[in-house]
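One structure is given here, and the rest of the page talks about it.
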């Protein structure tokens, strides 16, 4: 086997060192935490941003992280998740057909529920929660014009501005059934705007799951969606965030995670439920 030339080894070592420095700077400035598994996932995300910025290599890109605008760009690149309406259709079907009716049965049909999209990115998931709740309320005869309050939280201010504007392209609506599209969206040129009725239900907030204080009361959240967020935290941070999820979930409340995400171990206050259509976690009643 031919040996690697010394100059090439030096260049490779310098790139590795620069990449480590990039992760360190992101950690200090953005509130992210990385373990070995997370670093392997983030590697492609960071290199994609290196190429997109035109830097060409990690050493050059590291010098660009003195620019606050570029720091914001890399934070957004790391935090971004694939977003579209009803991205995991089976979860939303379960929410509409089983979870929401069960909540209204237990709490009364005149109860205004609280739903939370944690890491909502540009808002499609939060609006999906609002639309599903409105539609289920109509079908179940719930006597409320606003049957739920939906919170969408994220750390990315630029994504939240898109969410508040509520205008999306055709691709984002690929999973929206024609009946829901005609009822809950209006044309905005070549795009679509979320109609006023579901928009009234949804409030967007900028904060991190790693913040010391959350603007949520204990035992209050009925349904919590957190898709593809926890894998970006270290194992310790995931345990900490999950414990706080358990505190804010109402007794009997529901936690939905992203595809392939599981909790190990499952906290004592949560029950893991596997159904043919979807899996979720439910907080034990009375805790």
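Annotations
- Shown here: semi-axes √(5λ) of the Cα gyration tensor in Å, derived from the displayed model; of the candidates [x] 41, 26, 15; [y] 31, 22, 17; [z] 38, 23, 16, it corresponds to [z].
- If you model the stretch 46-141 as an ellipsoid using its alpha carbon gyration tensor, with each semi-axis the square root of five times an eigenvalue, the axes come out at 43, 12, 9 Å, biggest first.
- The relative contact order of the stretch 89-283 comes to 22 percent, based on Cα pairs under 8 Å that sit 6 or more residues apart.
- Sum of -39500 (n - 2.57) over DSSP H runs of 4+, divided by residues of the chain (222 nm, nearest 500): -13500 deg cm²/dmol
- The stretch 97-135 and the stretch 172-237: distance between their alpha carbon centers, rounded to Å: 10 Å
- Shape of the stretch 106-224, Cα gyration tensor, a/c cut at 1.5: oblate
- Here the convex hull built on the C-alpha positions of the stretch 144-194 has a volume of 109 cubic angstrom per residue.
- Net length available on complete extension from residue 139 to residue 284 is 49.4 nm, with 0.36 nm assigned per residue and the Cα-Cα distance removed.
- Principal-axis tilt of helix 124-140 within the chain, Cα atoms, nearest 10 degrees: 10 degrees
Computed from the coordinates by the stated procedures, all read-outs in this text should not be read as laboratory data. Note that the coordinates shown come from a computational prediction; the quantities given were computed from them, not determined experimentally.
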